[in-house]
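Since the structure comes first, as C-alpha cells, the remarks are kept for the end.
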Amino acid sequence: MANLLSGGLGKVTHNKRYIFWFWLLNLTLAEFGTAAFRRGAHAILDQSLYSERLVKGFDLGVVVELVSKPEFGSLKSMTYPSVYFGFVFFLATALFLPGIFTGYAATYRLPREEFFRACGRNLWRFIRIMIIAGIIMGILAGLLFSANGTIANKAEASTNEKLPFEVEAVGFTIIFLIMTTLRIWFDLAEVDTVLNDERAVRRSIIAAFRHTFGSLLRLLGSYVVVSIVAAALLVGGLWIWLRFVSPGNVLAAFVVGQITLFLLLFPRFWQRGIAVLYWEERMLVPLMPRSPTAPIQSSVPTAEVAGEASVSSAPPSEPQQP
C-alpha cells in the first residue's frame with residue numbers, strides 16, 4: 001500500500017498543472033452558474049438594510065425572505081444556470097480525464113497534441129462508463145441509505161440512548177467503504193479504457209472488477225488514507241476560515257475558500273494517480289516479443305505473394321540431356 005501511495009503522489013506532483021487547470025475551469029463555470037443569483041441579490045441587497053445581516057454573518061431568515069421577494073425573480077431562473085454549468089463540468093471532466101491519465105502514464109511531459117488526441121479519442125467511452133457508474137452507484141447508494149435509516153429507526157426503540165447514533169455511525173462507515181470500493185472499480189475501468197485503448201468498455205469494466213476485488217485491501221486502504229487526508233484538509237480550511245476570517249472580510253473569505261477548494265483537488269487526483277500506478281503494475285498487458293524463427297510478413301501485395309509462393313513450391317525441372 002505504501003508504494004501505491006508514494007507512487008500515486010509522485011504522478012500528481014509531476015503533473016500539478018492538471019490540478020491548476022481543473023481548478024480554473026471549476027472557478028470559471030461557478031462564476032457563470034451563480035451570475036443570475038448574484039445579479040438578483042445585488043439588485044435588492046444594495047438598497048436594503050438587510051444586507052448588513054448577511055455581510056456580518058449569515059441569517060437564514062434573511063435569505064428565505066430575499067428569495068421570496070417578487071423583484072428577486074423566479075427561483076428556477078436563478079438555479080437553472082448552476083445546473084446547466086454543472087452538466088458542462090461533467091462533460092469537461094469526461095473530456096479531459098483521458099488526457100490526464102495518459103499524462104500520468106507517460107514517462108515524459110505529454111505534448112498538447114497527444115493530450116487532446118487522447119481526450120477526443122476516449123470521450124464517448126468515458127461518457128458510457130460514467131453513465132454505467134452513475135446508475136450502479138445511484139441504485140446501490142439508495143438501497144444502502146434506506147437500509148441504514150430503517151435499522152436506525154428500529155434502534156430508537158431500544159432503551160440504550162446511544163444505540164441509534166452508534167448504529168447510524170457504523171452504517172455510514174460501511175456505506176463509505178462500499179462506495180469507495182465502487183469508486184476504485186470505475187477508476188480502474190477508466191484507466192484501462194484509455195491506456196489499453198479498449199473500445200468495448202465492458203471489457204475494461206469486467207477486468208477492473210476482477211482486479212478491484214482481487215486486491216481490495218491494498219486498493220481500499222490506499223483510497224481510505226487519501227480520503228482521510230482530504231477530510232483533514234477540509235477541516236483545516238474551515239478552521240482557518242472560522243478562526244481568522246472576519247464575517248465582513250469578503251476578500252479573505254474568497255481567498256481562503258479557493259485555496260481550500262484547490263487543495264481538495266489534490267486527494268482526488270492522488271487517487272487517480274494510484275489507479276494509474278496499479279494499472280501499470282498489474283493490468284498492463286506487455287507486448288509479446290516476436291520469435292526469431294517467426295516468419296516476417298511480406299509487404300508485397302497478396303496476389304504477387306501467392307504467385308511467388310506457387311512458383312517457389314513447384315518442383316525443380318529435370319535438366320535436359322544434351
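Things worth noting here:
- Among the residues making up region 8-26, those that are open to solvent by 50 Å² or more (accessible area, probe 1.4 Å), part of a helix (DSSP H, G or I) and not hydroxyl-bearing (S, T, Y) are L9, K16, R17, F20, W21, W23, L24, N26.
- The one condition in (1) open to solvent by less than 50 Å² (accessible area, probe 1.4 Å); (2) more than 22 Å from W21 (Cβ to Cβ) that V235 fails to fulfil: (1)
- Any hit, region 80-88, residues being surrounded by 16 or more Cβ atoms within 10 Å (Cβ to Cβ) and within 20 Å of E198 (Cα to Cα): no
- Selection within region 82-106 - among the aromatic types (F, W, Y) and modelled with pLDDT of 90 or more: F96, F101, Y104
- Any hit, region 90-105, residues being open to solvent by 50 Å² or more (accessible area, probe 1.4 Å), over 17 Å from the mean Cα position of the chain (by Cα) and not polar (S, T, N, Q): no
- Restricting region 111-120 to residues that are surrounded by 14 or more Cβ atoms within 10 Å (Cβ to Cβ) and either among the aromatic types (F, W, Y) or free of Cβ contacts under 8 Å to residues at least 24 places away in the same chain (or both), the residue that is nearest to L9 (Cα to Cα): F115
- Remark: pairs (first residue in region 25-39, under 11 Å from G86 (Cα atoms); second residue open to solvent by 70 Å² or more (accessible area, probe 1.4 Å) and among the aromatic types (F, W, Y); Cβ separation under 9 Å; 6+ apart in sequence or on different chains) = F32/Y84; G33/Y84.
- Set side by side, the residues L75, L29, L4, L54 differ, and just one is over 30 Å from V224 (Cβ atoms), at pLDDT below 90 and open to solvent by less than 70 Å² (accessible area, probe 1.4 Å), which is L54.
- Candidates T193, T212 - the one that is surrounded by 19 or more Cβ atoms within 10 Å (Cβ to Cβ) and over 16 Å from Q271 (Cβ atoms): T193
- Filter result for the condition that a residue is in contact with a helix residue (DSSP H, G or I) (Cβ under 8 Å, 6 or more places away or on another chain) and under 24 Å from V194 (Cβ atoms), over I151, I174, I136: I136
- In the set (1) open to solvent by 20 Å² or more (accessible area, probe 1.4 Å); (2) under 15 Å from L97 (Cβ atoms), the condition left unmet by I139 is number (2).
The values are calculated or read from the model by the stated rules, or taken from the named source; none is laboratory data. Just so we're clear, the structure is a prediction, and the values are computed from it rather than from any experiment. Backbone-built Cβ (ideal geometry, glycine too); neighbour counts: all protein chains shown. Heavy atoms of the whole protein, side chains included, go into the accessibility calculation; ligands, DNA and RNA do not. Shrake-Rupley method; radii C 1.70, N 1.55, O 1.52, S 1.80 Å.
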